Amino acid sequence: MSSELKVAVVGCGQIADGHAGEIQKLSNAKLVAVCDLEPLMAEQLAVRFGVPAHYSDLERLLSREKPDVLHICTPPASHLPLAKAALSAGCHLYVEKPLALTHAQTEELLAAARSAGRELTIGHTYRYDPPAEELRRRIAAGDLGEVLHVESWYGYNLDGPFGKVLMRSPDHWVHRLPGKLFHNNIDHLLSKVVELLPDEEPLIQAFGWRQNADRVFGDARDELLDELRVLIRGRHVSAYATFTSNVKPVAHWQRVCGSKATVHADFQSRTLAFEQGPTLPSAIGRLAAGFAQSWQYARSAAHNVGRFAANDYHYFAGLRALIGKFYDSISNGGPAPISHSEIAKTSRMMDEIFRQTAEAR
């Protein structure tokens, strides 16, 4: 393999733009081709990013271009067959979330990658957003003490561009997923918990419902649950996970509670703040604690301004970091940025959540 990785993308929908843009920012990779069943989609992506070749047939792309890495950005039902074809052609794989439709399929794909001797990662991009990277450093430094509890919150806007498309058509591919709307989103919710939860099979209690149950379509849209609450209990670490499509403003955050301190990471504002409580007596301590926490948010905001001024404040910062780490693991033979065991644990938890919430539909 040359020092520059040849990369291709299959699936030229919305997220493919992010992949193409971030791949092209890396010095050790070249985007050589894109592919989509709809030829016009592939052509448009190729034109927008100056990609030299575009295809409507993946087998032809793999045969002609012989990429080192394939990014799979198609709907989840196609991930397993496309990934197997790419592994047979010798490709390493970056697969958008969810990796597959079920835990059994996830295990099958992970086993296929190991058998082929190829690297594989999944699009858990928020694991490498700046707040997550800083949080990981602070935990490793012992600033939180022993991690005891994790809260993960992920808001979704059904009135946003993707949400409107989903609710406009009962034939949208999301309605055919086993976990429907949850299936396409809660990887982002659970992956932050899994990283801090050592138990392979924690106790899970999940509750799902449709907030606006009085709104009836008479088709598959009536089965789409839009609120999810999950209680997770391991031997030493517990967690709450919340997915909401109705709470405003739409928020995305993580709180980690430790034996020394609690920290709040906000993925919307990209801020990190410790909640250590009063350090001075009585009312003065409560007043001072508020100022101390405000100072932490101000410092995070100032850091973001500095990154913006240095042209280093990007929407897809986590995506670029994950891709970069994945490519480095391929070139240098190091560990993949997200382990197979964590990918498998996330999919196992998702299966259990979908099993428990299916009755609510």
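The values are calculated or read from the model by the stated rules, or taken from the named source; none is laboratory data. This is a predicted model, so every value here is computed, not measured. Glycine also receives a Cβ, built like all others from the backbone with ideal geometry; neighbour counts cover every protein chain displayed.
Only one of the listed residues (A289, A273, A336, A265) is aliphatic (A, V, I, L, M), assigned to a helix (DSSP H, G or I) and either at pLDDT below 90 or within 26 Å of V147 (Cα to Cα) (or both). That residue is A289.
Tell me, please, whether a residue that is of a type in the set (S, T, N, Q), at pLDDT 95 or above and in contact with a Leu (Cβ under 9 Å, 6 or more places away or on another chain) can be found in segment 44-57. Yes; the residues of segment 44-57 include at least one that is of a type in the set (S, T, N, Q), at pLDDT 95 or above and in contact with a Leu (Cβ under 9 Å, 6 or more places away or on another chain). Taken over segment 102-143, the residue count meeting the criterion of being outside any helix (DSSP H, G or I), of a type in the set (A, V, I, L, M, F, W, C) and buried (at least 22 other Cβ atoms within 10 Å of the Cβ) is 2. With respect to the conditions (1) of a type in the set (V, I, T); (2) assigned to a helix (DSSP H, G or I); (3) crowded, with 20+ Cβ neighbours inside 10 Å, T74 falls short on a single one, namely (2).
Would you say K30 is closer than 28 Å to A77 by Cβ, over 22 Å from the mean Cα position of the chain (by Cα), in contact (Cβ under 8 Å) with a residue 24 or more places away in the chain and surrounded by fewer than 19 Cβ atoms within 10 Å (Cβ to Cβ)? So that I can check it myself, show each step before the final result.
Values: closer than 28 Å to A77 by Cβ: no; over 22 Å from the mean Cα position of the chain (by Cα): yes; in contact (Cβ under 8 Å) with a residue 24 or more places away in the chain: yes; surrounded by fewer than 19 Cβ atoms within 10 Å (Cβ to Cβ): yes.
Here the answer is no, as K30 does not meet what is asked.
Can you name every one of the helices (runs of 4 or more DSSP H) wholly within segment 155-199 that holds 1 or more residues which are of a type in the set (S, T, N, Q) and crowded, with 16+ Cβ neighbours inside 10 Å? Result: 186-194.
Among the candidates A132, A116, the residue that is touching a helix residue (DSSP H, G or I) at 6+ places or on another chain (Cβ under 8 Å), outside the structural domain of E195 (by TED's automatic domain parsing), of a type in the set (G, A, S) and in contact (Cβ under 8 Å) with a residue 12 or more places away in the chain is uniquely A116. Only one entry in V47, V32 is assigned to a strand (DSSP E or B) and of a type in the set (A, V, I, L, M), namely V32.
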